[in-house]
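Shown next, in structure tokens, is the structure this report addresses.
The values are calculated or read from the model by the stated rules, or taken from the named source; none is laboratory data. These numbers were taken from a predicted model, which means no experiment stands behind them. Neighbour counts run over all protein chains shown; Cβ positions are idealised from the backbone, glycine included. Ligands, DNA and RNA are stripped out before the accessible areas are found, and what is left, the full protein with its side chains, is counted by its heavy atoms. Shrake-Rupley method; radii C 1.70, N 1.55, O 1.52, S 1.80 Å.
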Amino acid sequence: MKNNIFDLTLEKLEEVLVSNGFKKFNATQVFEGIYKRKVDNFDDINNISKNLKSFLNENYEIKYLSVLECLKSKDTNKYLLETNESSIECVLMKQYYGNSLCISTQVGCNMGCAFCESGKLKCVKNLTPGEIVLQVLTIEKYGNIRIDNVVIMGIGEPFDNYDNLIDALNILVCPKGIDLGSRKITVSTCGIIPKIHAFADLHIQVNLAISLHAPTDKIRNKLMPISKVYNMNDLMKAVDYYISKTNRRVTMEYIMLDGINDSEECAQLLSKLLKGKLVYVNLIPYNSTSSSEFKRASKNKIEKFYDILKKNGINVVTRKEMGKDIKGACGQLKASYDNKQ
Ligand code: SAH
């Protein structure tokens, strides 16, 4: 089987080409061909030699993902895309500031968060860098649009597929290729501490979001198994380290679950936990899933919670809901598609 050309960062393509007798700058020509001019065929890159074309044709392929299903609502489209072995989900949100695409990094997820549908998907597979990047390229081509922002909040735990994630980020931001601004990308993690440190040390200007969802270990332990591996105190230290290294504001995601983490006391504890940190809290109305024992917090509770954080000087926004009517929550579309098969 031929290799996926989209799996290679510019540096890796340079290595491959140089070690096969070609020039380093040829990699830039190939990148510009596949990412800027979006050729479907190596033969259409007209500034490279015949020799290089045949080398590429023999060893690599340019193959976009196919769209298996597309669910549309007013401002949100949800796609099921097909890779060689499985299907992956991504969600396009048309925001006032541009097109935002939520992409996946794994098929299934090992993290097992109690409220999340993705953890229930069997068959965990790491997506390759190319499969991560191709979600953006495929949706751009399919919809004839430009993706302005990428949020890595789809299926999977990005830091559980760290090396492929970093290669994919490098390809997305590469000026010779897709050239998406690093500040336009956000990676969301459930809190794998060693990888938060590694990410901080990368000096890449990509935004970080933490799925916090609770103000204490006691509550977090009930929701997220990862919390038993990495406790709150260490997680906050990792966040401090990230901020000290990058000076970038971190998003704290907090799903509001009825009777679990939505009390006034929780709001006070959360304020205390985050006081003085360069963070903002994103309050997320819970999307209830088929199998879930959880219910979304009432509007009134969410407003109260918000007010308490505000009063305590914590930056907070309530996430705008999109795609609720089209199985917009993490893993829902793939789960319903797989059930039908
Ligand atoms: N594994 C990563 C990224 C994928 S989940 C992480 O944990 O951050 C992306 C976000 O969606 C997380 O904050 C997750 O907790 C949240 N999420 C999962 N299921 C949800 C649901 N049913 N309703 C609302 N948010 C959900």
(request) Those residues that are surrounded by fewer than 19 Cβ atoms within 10 Å (Cβ to Cβ) and either among the acidic types (Asp, Glu) or within 12 Å of the ligand (Cβ to nearest atom) (or both), I need them from region 125-150; list them, please. (result) 140, 148
(request) Within region 224-258, work out how many residues are closer than 25 Å to residue 110 by Cα, open to solvent by 10 Å² or more (accessible area, probe 1.4 Å) and hydroxyl-bearing (Ser, Thr, Tyr). (result) 2
(message) Please go through (1) under 23 Å from the mean Cα position of the chain (by Cα); (2) more than 16 Å from the ligand (Cβ to nearest atom); (3) open to solvent by 10 Å² or more (accessible area, probe 1.4 Å) for residue 49 and return the number of the only condition it doesn't satisfy.
(response) (1)
(request) For region 43-116, please list each of the strands (runs of 3 or more DSSP E) lying entirely inside it that holds at least 2 residues being touching a residue at least 12 places away in the same chain (Cβ under 8 Å) and over 18 Å from residue 150 (Cα atoms). (result) 66-72
(request) Determine the pairs where a residue that is more than 17 Å from residue 196 (Cβ to Cβ), located within region 144-166, has a partner that is among the charged types (D, E, K, R) and more than 8 Å from the ligand (Cβ to nearest atom) with Cβ atoms under 8 Å apart, the partner being 6 or more residues away or on another chain. (result) 146/140; 147/140; 148/184; 149/184; 150/184; 154/89; 155/89; 155/334
(message) Looking at region 249-266, I want the residues that are assigned by TED's automatic domain parsing to the domain that holds residue 278 and have a partner that is among the basic types (Lys, Arg) and part of a strand (DSSP E or B) with Cβ atoms under 6 Å, at least 6 apart or on another chain. Which pairs are those?
(response) none
(message) Just the residues that are in a helix (DSSP H, G or I) and open to solvent by 70 Å² or more (accessible area, probe 1.4 Å), please, taken from region 1-33.
(response) 11, 12, 15, 18, 19, 24, 25
(request) Identify, by number, the condition in (1) open to solvent by 60 Å² or more (accessible area, probe 1.4 Å); (2) within 14 Å of the ligand (Cβ to nearest atom) that residue 220 doesn't meet. (result) (1)
